[in-house]
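Take a look at the structure below.
The values are calculated or read from the model by the stated rules, or taken from the named source; none is laboratory data. Bear in mind the structure is a predicted one, so any value in this text is a computation, not a measurement. With ideal geometry, Cβ positions are generated from the backbone for all residues, glycine too; neighbour counts draw on all protein chains shown.
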Amino acid sequence: MELPDDATHAILERWPIATLTTLAQSGRPHAVPIVFARAAGALWSPVDGKPKRGGELARIRHVRRDPRVSLLFSHYQEDWSLLWWLRADGEAQIRSAPQHHRGEEEASALVALRRKYPQYEHVALLGPDAQLLRIAVTSQRSWCASAAAVAYISLGP
């Protein structure tokens, strides 16, 4: 069964992690876990100050070439009546958000990310390039095993 609108809203507001899939130049999918927050009518994910391997992240290169992305939110539990997933497809934009050139959307995204993830008190929210991904959701698909799964979503992670 499909998730009801209030459950999808709760996931997009509160779920702590999603899997972002972009398309590599070869056409292969490239999936990575991300943190995100909802603000200014979109989902936002930072390229934050956690250690990176170096160079531009693959997800940024991929979005620069092809903005089509997919986000997967899911919950697994041994009690299969509580299983659910939500896929949100959309168009991503790379936003540069240096402190002296932040617009209202970027500023609200940073506030939402800090509110959602207290870890950003100790980890730089933006890395040296001050980049954010802005994802405009264009379509959604979902599934859940039962009404108990919907109730679990309402309780939050």
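Considering each residue of the range 117-157, count those that are modelled with pLDDT of 95 or more, touching a helix residue (DSSP H, G or I) at 6+ places or on another chain (Cβ under 8 Å) and not aliphatic (A, V, I, L, M), and give that number.
Result for the range 117-157: 5.
Are there any pairs, at least 6 apart or on different chains, whose C-beta atoms fall under 7 Å, with the first in the range 53-72 and without any contact (Cβ under 8 Å) to a residue 60 or more places away in the chain and the second part of a loop (DSSP other than H, G, I, E, B), and if so, which?
Partner pairs satisfying both residue conditions: 57/47; 62/24; 65/25.
Can you find, within the range 47-68, the residue that is nearest to the chain's Cα centre (by Cα) among those that are exposed (fewer than 14 other Cβ atoms within 10 Å of the Cβ) and part of a loop (DSSP other than H, G, I, E, B)?
50
What is the one condition in (1) under 24 Å from residue 112 (Cβ atoms); (2) of a type in the set (A, V, I, L, M, F, W, C); (3) surrounded by fewer than 16 Cβ atoms within 10 Å (Cβ to Cβ) that residue 73 does not satisfy?
(3)
Could you tell me which of the residues 142, 154, 96 is hydroxyl-bearing (Ser, Thr, Tyr) and either farther than 22 Å from residue 7 by Cα or without any contact (Cβ under 8 Å) to a residue 12 or more places away in the chain (or both)?
Selected residue: 96, the only one of 142, 154, 96 that is hydroxyl-bearing (Ser, Thr, Tyr) and either farther than 22 Å from residue 7 by Cα or without any contact (Cβ under 8 Å) to a residue 12 or more places away in the chain (or both).
In this structure, is residue 78 assigned to a loop (DSSP other than H, G, I, E, B) and touching a strand residue (DSSP E or B) at 6+ places or on another chain (Cβ under 9 Å)?
no
Condition (residue is touching a Gly at 6+ places or on another chain (Cβ under 6 Å), among the basic types (Lys, Arg) and either surrounded by fewer than 16 Cβ atoms within 10 Å (Cβ to Cβ) or free of Cβ contacts under 8 Å to residues at least 12 places away in the same chain (or both)) applied to the range 19-31: is it met by at least one residue? Give the derivation first.
Taking the range 19-31 and keeping what is touching a Gly at 6+ places or on another chain (Cβ under 6 Å), we get none.
No, the range 19-31 contains no residue that is touching a Gly at 6+ places or on another chain (Cβ under 6 Å), among the basic types (Lys, Arg) and either surrounded by fewer than 16 Cβ atoms within 10 Å (Cβ to Cβ) or free of Cβ contacts under 8 Å to residues at least 12 places away in the same chain (or both).
Those residues that are surrounded by 12 or more Cβ atoms within 10 Å (Cβ to Cβ) and in a helix (DSSP H, G or I), I need them from the range 6-18; list them, please.
Residues satisfying the conditions are 7, 8, 9, 10, 11, 12, 13, 14.
Run down 3, 71 and say which single residue is of a type outside the set (Phe, Trp, Tyr) and assigned to a strand (DSSP E or B).
On the way: 3 fails: assigned to a strand (DSSP E or B).
From the options 3, 71, the qualifying one is 71.
Do you know which residues across the range 99-155 are hydroxyl-bearing (Ser, Thr, Tyr), assigned to a helix (DSSP H, G or I) and in contact with a Leu (Cβ under 6 Å, 6 or more places away or on another chain)?
Going residue by residue through the range 99-155, those that are hydroxyl-bearing (Ser, Thr, Tyr) are 108, 117, 120, 138-139, 142, 146, 152, 154.
Still in the running and assigned to a helix (DSSP H, G or I): 108, 120, 152, 154.
Residue satisfying the conditions is 152 alone.
Look through the range 36-46, keep the residues that are in contact with a strand residue (DSSP E or B) (Cβ under 8 Å, 6 or more places away or on another chain) and part of a strand (DSSP E or B), and return whichever of them is farthest from residue 122 (Cα to Cα).
Across the range 36-46, the extreme among qualifying residues is 42.
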